[in-house]
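Below is one structure, written out as structure tokens, with a few remarks after it.
What follows is calculated from the coordinates using simple rules that are stated; it is not laboratory data. Not measured: the values here are computed from a predicted model. Here Cβ is always computed from backbone atoms with ideal geometry, including for glycine, and neighbour counts include all displayed protein chains.
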Amino acid sequence: MKRSEIGEDVSVNHQKAMEIALEQALFSSKASGDVPVGAVVLNEIGRLVGIGSNRRELLSDPVGHAEIVAIKSAARALGKWRLDGCTLVVTLEPCAMCAGAIAQSRISRLVFGAFDEKAGAVGSLMDVLRDPRALQNVEVISGVMQEECAKVLSEFFKERRV
């Protein structure tokens, strides 16, 4: 499988973007031992402008979640903190911290794969992004490649329990 690059044209194909996020999750997890979560940011025309994976273990960074890493990557690539018109695609439902970062960065759309019944803050435990009091309205598309995303996570944790 080829490694995806910043600037790659993914157009608005959520499945293709999710495949790239999954590829990032698997690649990074093998190298770092972090939970395999991957994220990509697409600009308004579907070009890949940010990519990230969990970095908590690798960097001893409690906020090193894939979404945060991808958002920072996109902000650097675009030279601005406001990511209006951008789409964040992530393999796992964001937690409250990441949902807050999505709102603060003004991302327009979130696409995620697997639901997180323990920490999910975009529908599972709470809904930070669609709360009527939220900073901005973020379009949310959930369950894209849900089974594939969930399988990667369950296999990771299964290996750790043995």
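Listed values, structure above:
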| quantity | calculated |
| --- | --- |
| The chain, helix-only ellipticity at 222 nm - DSSP H runs n ≥ 4, -39,500 (n - 2.57), divided by all residues, nearest 500 | -11500 deg cm²/dmol |
| The chain: DSSP helices with Cα axial extent of at least 20 Å and average Kyte-Doolittle hydropathy no lower than -0.5 | 14-32 |
| Percentage relative contact order, the chain, counting C-alpha pairs under 8 Å, at least six apart | 19 |
| Most to least packed among 140-148, 119-127 [average Cβ atoms within 10 Å] | 119-127, 140-148 |
| Loop-located trypsin sites (Lys or Arg not before Pro) in segment 60-162, at most 15 other Cβ atoms within 10 Å (DSSP) | Lys80, Arg82, Lys118, Arg130, Arg133 |
| Net lengthening on full extension, Leu59/Glu44 (0.36 nm per residue, minus Cα-Cα) | 2.3 nm |
| Of Ala114, Ala150, Ala77, the one that fluctuates the most in a GNM where the chain has Cα springs shorter than 10 Å | Ala77 |
| Highest-MSF residue in the chain out of Ala31, Ala21, Ala99 [GNM, Cα springs under 10 Å] | Ala31 |
| Cross-link table Lys16/Lys118; Lys72/Lys118; Lys118/Lys158; Lys118/Lys151; Lys16/Lys151, entries beyond 22 Å C-alpha to C-alpha | Lys16/Lys118; Lys72/Lys118 |
| Semi-axis lengths, Å, the chain, gyration tensor of Cα atoms, sqrt of 5 times eigenvalues | 22, 18, 15 |
| Where labels lie 7 Å past Cα in the beta-carbon direction, separation of Arg76 and Arg130 in nm | 3.3 |
